[in-house]
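Where a number appears in this text, it was derived from the coordinates with a stated rule and is not lab data. As the structure is a prediction and not an experimental result, all values here were calculated from the model. Cβ coordinates were reconstructed from backbone atoms using ideal geometry, including for glycine residues, and neighbour counts include every protein chain displayed.
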Amino acid sequence: MKDLRIKRLTVRQYNWTFRDMGTDYNGFNQVYLKGATCNEVWYSYQLETEGGVTGEYIGAMGGVTAAQVAMVAQYLIGRNAFERELIWNDLKRALRQVDGYGLAPIDCALWDIAGKTYGVPVHQLLGGWRKSLPCYASTLHGDENGGLDSPEAFGDFAVQCKELGYPAFKIHGWGNGPIKREVATVLATRKAVGDDMDLMIDPACEYNTWAEALKVGRACDEANFFWYEDPYKDGGHSAFAAKKLRQLIKTPILLGEHIRGIEVKVDGIIAEGADFVRAGIHSEGGITGVMKLAHVAEGFGLDVELHGPGAATRQCMASIRNTNFYELGLVHPKVPGRHAQVPVYGDGYSDDLEAVDRHGCVPVPEGPGLGVDINWDWLDRHETGKVVYD
Ligand SMILES: [Mg+2]
């Protein structure tokens, strides 16, 4: 066995622009805006071991994550990269007063080291369940700029996605606007695609009141939606309010994307605040946290649904029975997706609109570790900073 003590952590910062994208009314949601550009800052993380195996991770997480990694970087030097559980629990405590996002890139890089050490993809270490991942097209937020700017536009795009093979489609509506338009979008999208496509809506905690959440929930019932996600400005925190909503509507509620910690999510399940359990690579502390939560949900007889696309997400979903869809996005009918504009991965890896096969599925990366080659040549040309910890 190679020497798996961690020798060095290198964090690189990148800067690039995303074309035909702007922001909505309050500057938070990225939305389609022809001719505009959005500036983005990304980071990559490389964990080198004494034996020469390097774990690599890059993800769409900003400076908050890099700052948390900086808090724990020196702790990592000299640790055994195969002691993931020990490191995960130590970092969970170390980052307890922040949101814990810094745990994710470290944990994913450690799993990358494990896979590369054994020469297998991570899903083989986790225990493979599937090789092909059914996707839902997860839209960009609604805009006022000639893109997804009306109920009919969402309906038309859902039809386009259905024709591409997608079995499911998720609406991210508007951040600011009449609740009647949200209701109309739910109904128009169902009408456009017919009965044989699963539909979801994710207001991402935009609605102002519980009553607005109820109105849209009743529309979801009428349109037979598959799930209704984080509806209003409780921030996805109130299991009590979600339970009250569940008593009045029949559409399953997905909750948990905006709360942190397995214990808190279990409390939400026991309080009957969720039908589907949310887990995410970044929010759960990487692959280790996602798999813990998936098995927690399994113990309750529930399904866990993974947030956002990415190689680590694919490795996890390949290894979980009790889950339904891979979130492919965010997609839009008029703007090329993130990987078409920002090719951080090689090997033809893509989470763009047309990445799915005719059954609406994407493959599980089969290379060692996380299974994808990072496009370092392209990244080098966009590097704006570097910190080395050793
Ligand atoms: Mg969401």
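Lys162 - would you say it is without any contact (Cβ under 8 Å) to a residue 24 or more places away in the chain, more than 30 Å from Glu83 (Cα to Cα) and either outside any loop (DSSP other than H, G, I, E, B) or in contact with a strand residue (DSSP E or B) (Cβ under 9 Å, 6 or more places away or on another chain) (or both)? Steps first, please.
Values: without any contact (Cβ under 8 Å) to a residue 24 or more places away in the chain: no; more than 30 Å from Glu83 (Cα to Cα): yes; either outside any loop (DSSP other than H, G, I, E, B) or in contact with a strand residue (DSSP E or B) (Cβ under 9 Å, 6 or more places away or on another chain) (or both): yes.
It is false that Lys162 is without any contact (Cβ under 8 Å) to a residue 24 or more places away in the chain, more than 30 Å from Glu83 (Cα to Cα) and either outside any loop (DSSP other than H, G, I, E, B) or in contact with a strand residue (DSSP E or B) (Cβ under 9 Å, 6 or more places away or on another chain) (or both).
Selection of region 328-354 for residues being crowded, with 20+ Cβ neighbours inside 10 Å, in contact with a Gly (Cβ under 8 Å, 6 or more places away or on another chain) and farther than 24 Å from Glu152 by Cβ yields only Asp351. Remark: pairs (first residue in region 278-305, closer than 19 Å to Ala109 by Cβ; second residue among the aromatic types (Phe, Trp, Tyr); Cβ separation under 7 Å; 6+ apart in sequence or on different chains) = His282/Tyr101; Gly285/Trp88; Ile287/Trp111; Thr288/Trp88. Residues in region 237-252 that are under 25 Å from Cys135 (Cβ atoms) and crowded, with 24+ Cβ neighbours inside 10 Å: Thr251 alone.
Of the set (1) within 15 Å of the ligand (Cβ to nearest atom); (2) within 24 Å of Leu86 (Cα to Cα); (3) touching a Phe, Trp or Tyr at 6+ places or on another chain (Cβ under 6 Å), all apply to Phe276 but (2).
Within region 288-312, how many residues are more than 16 Å from the ligand (Cβ to nearest atom), within 12 Å of Val266 (Cα to Cα) and not acidic (Asp, Glu)? Talk me through it step by step, then tell me what you get.
Of the residues in region 288-312, the ones more than 16 Å from the ligand (Cβ to nearest atom) are 288-289, 291-292, 294-302, 311-312.
When the remaining residues are screened for being within 12 Å of Val266 (Cα to Cα), the result is 292, 294-300, 302.
Filter again for not acidic (Asp, Glu), leaving 292, 294-297, 299-300, 302.
Of the residues in region 288-312, 8 are more than 16 Å from the ligand (Cβ to nearest atom), within 12 Å of Val266 (Cα to Cα) and not acidic (Asp, Glu).
Hey, can you tell me all the residues within region 226-260 that are touching a residue at least 60 places away in the same chain (Cβ under 8 Å) and either more than 29 Å from Ala137 (Cβ to Cβ) or within 12 Å of the ligand (Cβ to nearest atom) (or both)? Once the filter is applied, which keeps residues that are touching a residue at least 60 places away in the same chain (Cβ under 8 Å) and either more than 29 Å from Ala137 (Cβ to Cβ) or within 12 Å of the ligand (Cβ to nearest atom) (or both), region 226-260 yields only Trp227.
If only one of Gly177, Gly173 is closer than 15 Å to Pro151 by Cβ and within 16 Å of the ligand (Cβ to nearest atom), which one is it? Break it down stepwise before answering.
Values: Gly177 fails: within 16 Å of the ligand (Cβ to nearest atom).
Just a single option satisfies the conditions, and that option is Gly173.
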